[in-house]
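Note sheet for the following structure.
Bear in mind these aren't lab numbers, they're just calculated from the coordinates by the rules spelled out. Everything numeric in this text was worked out from a predicted model, so none of it was measured. Cβ: placed from backbone, ideal geometry, glycine included. Neighbour counts: every protein chain shown.
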Amino acid sequence: MRKHPVIFGIFLLICVGCVFFALVYVLGSAREDKPSFALNNKVGVVKIEGFIGDAHDVVEQLNQFAKDDNVKAIILRIDSPGGGVAPSQEIHSAIVDVKKNKKVVASMGAIAASGGYMIACAADKIVANPGTVTGSISAIMHFANAEELLKKVGLKSSVVKSGKFKDIGSPVREMTSEEKELLQELVDDIYDQFLDMVAQSRNIPKKNLENIADGRVFTGRQAFKLGLVDYLGDMGYAVTLAGEMSGIKGKPEVLYPKKKGSKFWDYIFREMFTALDEHMRGKIGQFNGFMYLSPIIK
């Protein structure tokens, strides 16, 4: 071996690489989102966290698990106060499609309200912690009026528009009664769509639902009594339930989505730095448009 230093060097690099990979894998085994190498009886977990501003990543993850024959059921781990109307509806629709072939269980974390609750309703069963904040079945649209502030600093606004409603919601003037009526009609229609989804998925008469669907929030235990969730339990219970519903014998193996285009070194560094990344998630930020959003934000 010493007579062939190149071969010896390659052999040494392979050994070091194997030891390094084994060490990273062992350390990663302690994480709940460790990669899995088993070939069947898996339960896929899709996380829905924070403000719902875009549906692309969640829908992509759902489709990834839907195409994986080794994934027998999917868990939606929801920790969100809601968000945009369209993204919430897109995720809801994607779950309904996936549910045609695989069981889906929603597991609620600290908060799963408004748009977060809408998404949960698409699942076959909903599991909430007793202290989960949920509900807030409602729709809202925010507008700011800075007219008085602009007057104080001596700023004026000039608008040229093609129609009387083109600058509806402008922050530089008071909204007219006609504009308020128009927007109220839009909000009412979006709210009615939300009611239809919940009434159908939870098998609750729409008239009965209207009595509690006024934006109020509930604890998980209150929601259970009202029929808004199916079980009280934690993430572990949701995994067990998903396994039983999909016919998995024994304890299901939990699988998290792979990142698109993931390679060996991507995995190595992701395992090392994911803990740091989890503390740097984006906050709600600015979002314009109609929202299914709870007044209680994490």
>> Can you give the FRET efficiency to the nearest 0.05 for Ala146 and Asp167, using r as the Cβ-Cβ distance and R₀ = 22 Å?
In response: 0.95
> When Thr176, Thr219 are ordered from fewest to most other Cβ atoms inside 10 Å of their Cβ, what list results?
Replying inline: Thr176, Thr219
> Among Ser201, Ser138, Ser107, what is the fewest-to-most ranking by other Cβ atoms within 10 Å?
Replying inline: Ser201, Ser138, Ser107
>> What distance in nm lies between label points placed 7 Å from Cα along the C-beta direction at Ser93 and Ala110?
In response: 3.2
